[in-house]
Every structure is written in structure tokens, then in C-alpha cells.
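Please treat every number below as a calculation from the coordinates, not as lab data. On a predicted model such as this, the values are computed, not experimentally measured, just so you know. As a convention, Cβ positions derive from the backbone with ideal geometry for all residues, glycine included, and neighbour counts pool all protein chains shown.
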Amino acid sequence: MIQKYLKVSFAAAALCLLGFWGCTETSELEEVVLPAPVEETSGFPRVPVKVDSTLTLKVLYRPANGCGRFERADSLVNGQTTTLTIFAAYPTEDQEAICADISKQVAFTFRFRTKAVGKHYFRFWQSDTSFLLDSIVVQ
């Protein structure tokens with residue numbers, strides 16, 4: 001009875017040790033970061049909004065393939081024009097990742113608040129030569 005218990009304990013300890021040893025190696029995921037085109041906007045009011053209101057706005061973008069994941073959003077404000085570029089990260093080719101050719105739309109939500117009255121313009125990157133345009137009137 002004791003020998004059977006010791007065999008089971010020894011086997012369990014050996015499995016734990018092998019499991020721990022096998023998990024000490026980690027793979028380094030190398031990624032390339034590229035801009036992702038914004039396809040549509042959502043939540044942009046079509047009627048004037050009050051100054052100092054906080055709006056939650058959403059844009060929908062589509063990564064180049066199924067492996068693309070959100071990396072960051074860069075914005076540049078120049079007066080009452082905001083240019084926003086969404087970036088997605090993808091595994092490098094040498095990672096040999098299997099990615100779906102078709103990706104789903106992904107939502108990116110951000111807040112907008114201003115104390116300046118007037119028309120505020122938003123430019124969302126689609127390609128090096130085109131932007132999706134939208135605007136908000138603040139009064």
C-alpha cells in the first residue's frame with residue numbers, strides 16, 4: 001500500500017517537474033505595425049451639440065488579415081481639425097502564423113470634448129492619399 005502511494009507521489013512530482021521545465025521556454029512574437037483603414041464612423045451627432053459636452057465616438061476599421069490586432073491610435077490636432085490614424089500589429093512573415101485572409105471590422109471608441117464653438121472636422125486615415133471625413137458642430 002505504501003509502495004503504491006510512493007509510486008503515485010513520485011510520478012506526480014516527475015510530471016510537475018517536467019511541466020515546469022517545459023514552460024520555462026517562451027517564444028518571442030515579432031510584429032510589424034501598419035496603419036489600418038477606417039471604414040465608417042458611428043456616434044457622430046448630426047445636430048449641434050453644446051460646448052463642453054463629452055461625446056463618445058466610434059470608428060470601425062478593418063485589419064489587413066485575421067491576425068491584425070489593435071496596436072495604437074495616433075491623433076494630430078491642428079486648430080479644429082483632428083486627424084486620426086489607427087495602427088494594427090501583425091506577426092512577421094518569419095513567424096509562420098496562419099491568418100485568415102478576411103478580417104472582421106473592429107471598433108475603436110474615443111471621447112471628444114471641446115470648449116471651442118464652431119465646426120470640428122475629423123479625418124480618419126484610409127490610405128496614403130485618402131481620408132474618411134466627418135464633423136461635429138459645437139455651439
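Residues THR56, THR85, ranked from the fewest to the most other C-beta atoms within 10 Å, line up as THR56, THR85.
Taking the beta-carbon count within 10 Å as an exposure proxy, list LEU29, LEU60, LEU34 from fewest neighbours to most.
If I rank by nearby Cβ atoms, fewest first, I get LEU29, LEU34, LEU60.
Write out the trypsin sites (Lys or Arg not before Pro) in segment 34-98 meeting two conditions: DSSP loop, and at most 10 other Cβ atoms within 10 Å of their Cβ.
Working: sites: ARG46, LYS50, LYS58, ARG69, ARG72; in loops: ARG46, LYS50.
In loop regions of segment 34-98 (DSSP not H, G, I, E or B), the sparsely surrounded trypsin sites (Lys or Arg not before Pro) are ARG46, LYS50.
Applying the Karplus relation 6.51 cos²θ - 1.76 cosθ + 1.60 with θ = phi - 60° to segment 62-71 yields 3J(HN,Hα) values of 10, x, 5, 8, x, 8, x, 10, 4, 10 Hz, where x marks Gly and Pro. So who's got an amide H within less than 5 Å of the one on THR82, skipping anything under 5 residues away but keeping other chains? H placed 1.01 Å off N, in plane. Amide H neighbours of THR82: TYR121, PHE122, ARG123.
A Förster radius of 30 Å, combined with the Cβ-Cβ distance separating GLN139 from PHE70, puts the computed FRET efficiency at roughly 0.35. Scanning residues 5 or more positions from PHE44 or on other chains, those with amide H under 5 Å from its amide H are LYS58, with H placed 1.01 Å from N in the peptide plane.
Hey, what's the Kirkwood Rh for segment 31-138 if you take every pair of different alpha carbons, in angstrom?
Numbers: mean 1/r = 0.0669 Å⁻¹.
That comes to 15.0 Å for segment 31-138.
Distant-in-sequence amide contacts of CYS99, defined by a placed amide H-H separation under 5 Å and a gap of 5 or more residues or a different chain, comprise nothing.
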